[in-house]
Amino acid sequence: MPVSILQMILRHTKRSVPQINTTSTADISFILLVFFLVMTSMDVDKGLMRTLPPVDADDRQEAVDVAKSNVLSIEITAGDGLLVDGRPLAVDRLRGRVASFVAGAADRRRHVILLDVDRRASYDSYFNVQNEIVAAYNALRDSYAVRHYGRRYAACTPEQREAVRACYPQRITETSAGGGEGGAR
C-alpha cells in the first residue's frame, strides 16, 4: 500500500533535544567568584592608630605647668585652614615644623603639642594633620634609633624602642571648639 505524502509528513519521527551538561557549571561559577574577589580592589577605611592611656582607678588628673617655649599650638579652622602658633602654614610643611619643634624643645620630655580643631573642619584635614604629626615623630625616632642602635626604630628590640619613645614621647593634647558644644575630642 502506497503511503501518501500527507501521511509521511504527519508521521515524522520524534527528535530528541540534546541536554546541556551542567555538572561543571558550579565549578565555573566558583572560579569566576574567586577571580572577581581577588581582582577587585577593596577600599580600605582610613583611621588613626592610637593607644589610649590606661584608666586610672583614682580618676585624678594632675595639672602640669609647661613652659610656653615647650608648647606648639596647631589649629585647624572651620575652613580647613591650618594655623601653627597663630600663623598660617601649609599641611605639607607641618611635618618639618613639628620635627624641628620637638627636637629643639628646651625639655624634650615635657613638650606639648596643642591641637585645637574646629568642629566644622573636615575629617580629611584632621586626618592629614594627625598624619603629619605622627610622621614627624616617626622620623625623629628613626634618626635617633639609627644614631644610637644602628638600625631603624621598627627594627629595634622592645627595650630599645622604649628608650627611643622615652627620648621622643608623643605628647599631644586635643581640644575642639566652634560649631556646637565644646569639649575634648
Single residue of segment 23-36 satisfying the filter (part of a helix (DSSP H, G or I) and of a type in the set (Val, Ile, Thr)) that is most open to solvent (accessible area, probe 1.4 Å): Ile31
Test: residue in segment 122-143 that is touching a helix residue (DSSP H, G or I) at 6+ places or on another chain (Cβ under 8 Å) and farther than 21 Å from Leu72 by Cα: yes
Matching entry among Ala163, Ala135 (being at pLDDT 90 or above, surrounded by fewer than 18 Cβ atoms within 10 Å (Cβ to Cβ) and over 17 Å from Val84 (Cβ atoms)): Ala163
Qualifying residue in segment 3-22 (condition: closer than 25 Å to Arg165 by Cβ, at pLDDT below 80, part of a loop (DSSP other than H, G, I, E, B) and more than 23 Å from the chain's Cα centre (by Cα)): no
Number of the condition not met by Val146 [criteria: (1) farther than 25 Å from Val71 by Cβ; (2) in contact with a Lys or Arg (Cβ under 6 Å, 6 or more places away or on another chain)]: (2)
Among the candidates Arg50, Arg109, Arg97, Arg119, residue that is modelled with pLDDT of 90 or more and basic (Lys, Arg): Arg97
Cβ pairs under 9 Å, 6+ apart, first in segment 155-168 and free of Cβ contacts under 8 Å to residues at least 24 places away in the same chain, second loosely packed, with under 14 Cβ neighbours inside 10 Å and in a helix (DSSP H, G or I): Gln160/His148; Arg161/Ala154; Ala163/His148; Val164/His148
Candidates Arg110, Arg97, Arg93, Arg120 - the one that is open to solvent by 60 Å² or more (accessible area, probe 1.4 Å), within 14 Å of Ser176 (Cα to Cα) and over 17 Å from the mean Cα position of the chain (by Cα): Arg120
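The values are calculated or read from the model by the stated rules, or taken from the named source; none is laboratory data. Everything quoted here is computed from the prediction, not taken from an experiment. Cβ coordinates were reconstructed from backbone atoms using ideal geometry, including for glycine residues, and neighbour counts include every protein chain displayed. Surface accessibility is based on the protein's heavy atoms, side chains included, excluding ligands, DNA and RNA. Shrake-Rupley method; radii C 1.70, N 1.55, O 1.52, S 1.80 Å.
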